[in-house]
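The structure appears right after this line, and notes come after that.
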Amino acid sequence: MIVVFGGTGKVGRQIVDQLRSDRQAVRVVTRTPSSVKFARDVEVVAGDLHDRHSLVRAVTGARAIVCTVQGGNGKGASGPKGIEGKGVPALIEVAGDAAVENFVYLSTASARADSPVEFFRLKFEAERTLRGSKVPFSILRPTHLMDTWVEMLAEPIAKKGKAMVLGSGTNPVSWVSGTDVARVAAALAGRAGEGFSADLGGPEALTLAQVNELVAASMGKQVKGENKMSLGMLRPMSALMKPFNPVLARQMQMGVVLDTEPQVVDSGAVWARYGQPLSLSAWLQRHRPGVTEGV
């Protein structure tokens, strides 16, 4: 049995689908089982990272655990301090007691001890906790997901013909598809953990400006202008917003990191082993953005 935490998210669902394709028995853990739908052969159970008893029940009989849960878009107990700071370490402890053969953790290529973004620092700490535990593990560190960014960028292009640009929009990024991340995660979950760790980036480095152009072209649109937030706006606004809207403040901080820190990784060795990843153009052909146009 492979138990997936975060199986209702963008990448989590794709991991579940891939595991089913690989004929693996899958159990999805969620706080609200009645509100989610999966194929009949997927077991769905209740579980909360802040409730140890529910975690023990959820991982009973597990050969491997896949954890995609993240607090980047949450606040309070569902934010980084609650998820990466407390919840994930608690799950690692329970996994150790259950003697699972592999704990597959989805972190981020931006995870660093000295990151200016707390979320990334706590991701790094969660990785360190896993590495220092007795649990066999695999750590995947994806870059920025096509699945998330295309959705955000497509909306203003469809409605106003405006490209969303954070900072200069000229920093190259190794965008990666959730499909490819899921394929690697599922493959790792099917074997014993060996301390594998790798950054996962796509096959090309594109700037945000280039991504906007490709997204617009896939929608048959033309970029007519920009909705631009300069670094001079993002930095002070993130500090001002933090007490009132910590999620938005965090997103602004991430925008600064996206534009100012290296975002290109070489994942050639991983893809040589697990199959070549999709380019953004190929991903857009499969997942053409569909956004209702505004007035």
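The numbers here are math on the coordinates, done by the rules we state, and not lab data. The structure presented is a predicted model; accordingly, all values stated were derived computationally and were not measured. Reconstructed Cβ throughout: ideal geometry from the backbone, glycine too, with neighbour counts over all protein chains shown.
Data for the structure
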| quantity | calculated |
| --- | --- |
| Nearest-ten-degree value, helix 118-131 long axis tilted from longest Cα axis of the chain | 30 degrees |
| Entries of LYS10/LYS81; LYS159/LYS228; LYS75/LYS242; LYS81/LYS242 with Cα pairs more than 20 Å apart | LYS10/LYS81 |
| All-pairs alpha carbon distance profile, the stretch 30-136, 5 Å steps from 0, percent | 2, 12, 21, 23, 20, 13, 6, 1, 0 |
| Loop trypsin sites (Lys or Arg not before Pro), the stretch 31-91 (other Cβ atoms within 10 Å of the site Cβ: 16 or fewer; DSSP) | ARG31, LYS37, ARG40, LYS75 |
| Helix axis angle, 10-21 relative to the chain longest principal axis, alpha carbon, degrees | 50 degrees |
| Taking the convex hull of Cα positions in the stretch 227-295, its mean projected area over all directions (nm²) | 7.9 nm² |
| Gap separating the Cα centres of the stretch 129-161 and the stretch 82-115, nearest whole Å | 16 Å |
| At most 16 other Cβ within 10 Å, DSSP loop - GluC sites (Glu not before Pro), the stretch 143-209 | GLU194, GLU204 |
| Overall Cα dimensions of the chain - principal axes, largest extent first, Å | 55, 40, 39 |
